[in-house]
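Everything below concerns the one structure shown next.
The values are calculated or read from the model by the stated rules, or taken from the named source; none is laboratory data. Worth saying up front: this structure is predicted, and the values here are computed from it rather than measured. Quick reminder, even Gly has a Cβ in these numbers, built from the backbone with ideal geometry, and neighbours come from all protein chains shown.
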């Protein structure tokens, strides 16, 4: 090959698909006719919303401070000590007792408010969740600083709305570590009737698809041998890992379009002259539904066992270094109420289905949403099409839009909580929708059921 023909740089991926997808999204935006009209509203309801907004307005400076300070001091999973201190200080200064290290997670937070007449047998408990961990290298490129501010503002804005209990939960380690599941196992949702939070994005959406995710580390063990003198005396662990990797690529042809499977070889031997004794494959498995996530997990497990069998090696498959995250089960009853709050603030909030399902990431809020009715709406803080986990989104998370998004989200969540406390039928409808969607499902129960099915 002539030197001039040798590749010196990677090819630039075509943007054609993204451009066509954006055209399709724009068509959907033009055709969308969101209807979040609540009809005739009582003076009491209107006043409740005004009161919630006024309470959030009083703490706007605190919310701006949280957005700015956390963005300037990004911390990764389980290391969010500064963020914990910043949020705790705001809540304590407002008169609330804050539990640090709540629910068995050292960087978690908990605060709560109870009405004077609170009766757990009669009055609801609403949880407000706030994330604040950052990404390695690119800081708050997922906008968790905005989530934190919105959660704090929502809690402070909803306090005093009506009879009931409101719980603020600072939930660290969302990025890759499923911090909420650890907190769930520590009792985070005990006595909670529903849960709310927001996520910043490049569109205002009442709900969107978030896929479930599992992680897997597969270590193949073979027999080392001299690769030239006696290769036949070896059993090549790298061959096994390579076969498994290739089989995952072939499996993609028979996966639903919304499923995702990605892997890296993190270890494949030390020297080319030695048949590798050990090789390690690290995988992410993602799927749109809980059932399909478990099915895809089993298919990957079969691939690993098959690769080991073909190469005469052994394989140790370690699933879920951190707990699996489930797909988000959006409660449309509560989401519609959220949509009404944002429409009233002049936002062009869009219904579910506006963006294609293929544009989906994962979040540990999915685990929450499978145990109690929950909402996880998206709040626009970035230009349309700006992807999460990019430097562009990190810049957006400290923009004027980020500050406004945090404020609007805080008001919207506070008003939604106020409606839940004041309207028993709203919560009853949300709980009925939750039951119809399958009711409570825990990760531990799901995995136990999968194990029983394998053993049968």
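Where residues in the range 307-337 are touching a helix residue (DSSP H, G or I) at 6+ places or on another chain (Cβ under 8 Å) and in a strand (DSSP E or B), which of them is surrounded by the most Cβ atoms within 10 Å (Cβ to Cβ)?
Of everything passing the filter in the range 307-337, 325 is surrounded by the most Cβ atoms within 10 Å (Cβ to Cβ).
Of the residues 141, 154, 150, only one is in contact with a helix residue (DSSP H, G or I) (Cβ under 7 Å, 6 or more places away or on another chain) and part of a loop (DSSP other than H, G, I, E, B); which?
Matching residue, one of 141, 154, 150: 141.
Let me confirm something: among 242, 217, 171, which residue is crowded, with 21+ Cβ neighbours inside 10 Å, in contact (Cβ under 8 Å) with a residue 12 or more places away in the chain and at negative phi?
Testing whether each residue is crowded, with 21+ Cβ neighbours inside 10 Å, in contact (Cβ under 8 Å) with a residue 12 or more places away in the chain and at negative phi leaves just 171.
On the given criteria, is residue 24 outside any loop (DSSP other than H, G, I, E, B), surrounded by fewer than 15 Cβ atoms within 10 Å (Cβ to Cβ) and under 28 Å from the mean Cα position of the chain (by Cα)?
Here the answer is yes, as residue 24 does meet what is asked.
For the range 123-131, indicate whether the set of residues that are in a helix (DSSP H, G or I) and surrounded by 21 or more Cβ atoms within 10 Å (Cβ to Cβ) is non-empty.
no
Suppose we filter 111, 116, 61, 102 for residues that are in contact with a strand residue (DSSP E or B) (Cβ under 9 Å, 6 or more places away or on another chain), under 27 Å from residue 160 (Cβ atoms) and without any contact (Cβ under 8 Å) to a residue 60 or more places away in the chain; which single one remains?
The match here is 111.
For the range 224-235, what are the residues that are surrounded by fewer than 16 Cβ atoms within 10 Å (Cβ to Cβ) and either part of a loop (DSSP other than H, G, I, E, B) or within 18 Å of the chain's Cα centre (by Cα) (or both)?
228, 229, 230
Could you tell me whether any residue of the range 430-441 is more than 30 Å from residue 33 (Cβ to Cβ), surrounded by fewer than 24 Cβ atoms within 10 Å (Cβ to Cβ) and free of Cβ contacts under 8 Å to residues at least 24 places away in the same chain?
Yes: the range 430-441 contains one or more residues that are more than 30 Å from residue 33 (Cβ to Cβ), surrounded by fewer than 24 Cβ atoms within 10 Å (Cβ to Cβ) and free of Cβ contacts under 8 Å to residues at least 24 places away in the same chain.
Conditions tested, residue by residue: (1) in contact with a strand residue (DSSP E or B) (Cβ under 9 Å, 6 or more places away or on another chain); (2) exposed (fewer than 11 other Cβ atoms within 10 Å of the Cβ); (3) at positive phi.
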site: 247; (1), (2), (3): no, no, no
site: 250; (1), (2), (3): no, yes, no
site: 262; (1), (2), (3): yes, no, no
site: 281; (1), (2), (3): yes, no, no
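Restricting to the range 94-110, and then to whatever is in contact with a helix residue (DSSP H, G or I) (Cβ under 8 Å, 6 or more places away or on another chain) and not in a loop (DSSP other than H, G, I, E, B), can you tell me which residue is farthest from residue 152 (Cα to Cα)?
This residue is 104.
Please verify whether the range 145-157 includes one or more residues that are surrounded by fewer than 24 Cβ atoms within 10 Å (Cβ to Cβ) and in the same structural domain as residue 67 (by TED's automatic domain parsing).
no
Return the total of residues in the range 206-223 being in contact with a helix residue (DSSP H, G or I) (Cβ under 9 Å, 6 or more places away or on another chain) and either within 30 Å of residue 335 (Cβ to Cβ) or not in a strand (DSSP E or B) (or both).
The number of residues fulfilling the criteria is 8.
If only one of 379, 368 is under 28 Å from residue 442 (Cα atoms), assigned by TED's automatic domain parsing to the domain that holds residue 202, part of a strand (DSSP E or B) and modelled with pLDDT of 95 or more, which one is it?
Among 379, 368, only 379 is under 28 Å from residue 442 (Cα atoms), assigned by TED's automatic domain parsing to the domain that holds residue 202, part of a strand (DSSP E or B) and modelled with pLDDT of 95 or more.
Among the residues of the range 64-93, which ones are touching a strand residue (DSSP E or B) at 6+ places or on another chain (Cβ under 7 Å) and not in a helix (DSSP H, G or I)?
Across the range 64-93, the qualifying residue is only 74.
Given the criteria under 23 Å from the mean Cα position of the chain (by Cα) and not assigned by TED's automatic domain parsing to the domain that holds residue 78, does residue 267 qualify?
No; evaluated as a whole, the condition is false for this residue.
Evaluate the following for residue 394: is it under 18 Å from the mean Cα position of the chain (by Cα), in a helix (DSSP H, G or I) and more than 15 Å from residue 195 (Cβ to Cβ)?
Against the criterion (under 18 Å from the mean Cα position of the chain (by Cα), in a helix (DSSP H, G or I) and more than 15 Å from residue 195 (Cβ to Cβ)), residue 394 qualifies.
What is the one condition in (1) under 26 Å from residue 122 (Cβ atoms); (2) outside any helix (DSSP H, G or I) that residue 419 does not satisfy?
For residue 419, the failing item is (2).
Report, by residue number, each residue of the range 418-427 that is surrounded by 24 or more Cβ atoms within 10 Å (Cβ to Cβ) and under 13 Å from residue 373 (Cα atoms).
420
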